[in-house]
Each structure stands twice: as structure tokens, then as C-alpha cells.
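The values are calculated or read from the model by the stated rules, or taken from the named source; none is laboratory data. Note that the structure is predicted; figures quoted are calculated from it, not measured. Cβ placement follows ideal geometry from the backbone for every residue including glycine, while neighbour counts extend to all protein chains displayed.
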Amino acid sequence: VTTLPFGRHRSAPLGEVPTSYLAWLVRTVRLSSGVRAAVAAELARRGIDAPPPAPPAARPVPPCARCGAAGYSCGWQQTRDGRRQIHAACTRCGRWLGFLPQVEPHTGQADAAASAAPILDALTRLEALGVELAGDGRAVWFAGDDWRRVPADLQAVVRQCRHTLAGMLGDTRRKAAAS
Ligand SMILES: [Zn+2]
């Protein structure tokens with residue numbers, strides 16, 4: 001980014017935009033990461049450190065669109081690239097209510113619900129229930145209709161380590177075909 005895409009100095013080369021305006025931008029305007037980085041770099045060139053971006057705000061979780069319940073629970077969900085996100089679910093029916101920003105109180109709620117040993121927990125509890133996991137090496141799912149028998153807190157434990165489990169299980173469809 002070498003010019004601003006909006007505002008009073010739209011299309012002006014960043015090097016010609018007044019310092020006060022650039023400082024105001026990084027302080028108060030919600031910028032895309034590319035524009036923010038360019039403005040911060042221009043400020044740095046002028047000897048001014050840009051403040052870090054404001055953290056995302058906690059946000060209220062709306063009532064469940066399926067059952068109308070207002071209660072929700074938070075849990076960590078593993079992402080494919082090994083990071084994690086906060087999954088919110090309806091406490092009554094389990095419906096997914098969205099991903100929440102990683103700030104309090106959401107992070108504290110997700111931490112409180114987390115299993116310290118999710119893989120061991122998931123495998124032993126699924127074994128006890130007689131529920132099998134299937135997978136393609138990248139994602140896992142409960143075989144057949146078995147998810148109906150898996151309580152919400154156990155589904156949350158599986159979400160916590162679902163890509164690690166997928167890697168451990170490999171492609172169960174290929175194994176089934178081979179046996
Ligand atoms: Zn619900």
C-alpha cells in the first residue's frame with residue numbers, strides 16, 4: 001500500500017500525508033492490516049512508533065436461533081493450521097452460535113471448559129460410549145449417526161483436538177475399504 005484508499009488524503013502518496021493525519025488514523029480508525037502496516041511503516045520512517053492495534057472487544061452472544069435459549073458455552077476449537085478459536089454453542093441444543101474474539105470473558109470461559117488432556121479424554125470417553133471416529137486425515141467426524149449419542153461436553157473435547165485426532169487416525173475410509 002503506497003496510497004490511502006479512503007478519506008481526506010485519498011490517493012495521496014503516503015509520504016505526502018501529514019504526520020498528524022497518519023497518527024490520527026492509526027489511533028482511531030479501524031484499518032485493514034495492510035493499510036495499518038503501511039501507515040505504521042510511514043510513521044516509523046518519521047521516527048514515530050504507532051500504537052499496537054486495539055484488541056477486539058468481547059461481544060454479547062445472541063440467543064439461539066433454533067431453540068431460543070439464551071445460555072451459551074465457550075470452548076477452544078483447534079484450527080487446521082494448529083491455532084485455536086473460541087467456539088460458542090447453545091447450552092440447551094448444542095447449536096453453533098459463532099466464533100468469539102479471544103478476549104475476556106470468552107477466553108476464561110473457554111479455558112475453564114477445556115480438557116487438560118483432550119486427546120486422551122476424547123479417546124477414552126468415546127471408547128466407553130462405543131462411538132467411533134471416522135476421518136480423512138484432515139478432519140474427523142463421528143461415524144454414522146453416533147454423534148447423537150455424544151454429549152455436548154464430549155463434542156467440545158473433540159473440537160479441542162480435532163485436527164490432531166484426524167492426523168492420528170489417518171484416512172479411515174481407505175482402511176475400511178482395505179479390510
Ligand atoms: Zn439452542
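Could you grab me the full set of residues in the range 60-103 that are assigned to a strand (DSSP E or B), more than 16 Å from the ligand (Cβ to nearest atom) and either modelled with pLDDT of 95 or more or closer than 24 Å to GLY167 by Cα (or both)?
Result: TRP76, GLN77, GLN78, ARG84, GLN85, ILE86, PHE99.
Checking PRO51, PRO55 one by one, the residue that is part of a loop (DSSP other than H, G, I, E, B) and within 21 Å of the chain's Cα centre (by Cα) is PRO55 and no other. Is it the case that GLY98 is more than 30 Å from LYS175 (Cβ to Cβ) and in contact (Cβ under 8 Å) with a residue 12 or more places away in the chain? Taking the combined requirement at face value, the residue satisfies it.
For the range 17-33, a residue qualifies if it is without any contact (Cβ under 8 Å) to a residue 12 or more places away in the chain and in a helix (DSSP H, G or I), and the qualifying residues are SER20, TRP24, THR28, SER33. Among the residues making up the range 127-179, those that are in a loop (DSSP other than H, G, I, E, B) and among the aliphatic types (A, V, I, L, M) are VAL131, ALA139, ALA143, VAL150. Just a yes or no: is a residue in the range 42-65 surrounded by 15 or more Cβ atoms within 10 Å (Cβ to Cβ), among the aliphatic types (A, V, I, L, M), in contact (Cβ under 8 Å) with a residue 40 or more places away in the chain and within 19 Å of ALA152 (Cβ to Cβ)? No, there is no match, as no residue in the range 42-65 is surrounded by 15 or more Cβ atoms within 10 Å (Cβ to Cβ), among the aliphatic types (A, V, I, L, M), in contact (Cβ under 8 Å) with a residue 40 or more places away in the chain and within 19 Å of ALA152 (Cβ to Cβ).
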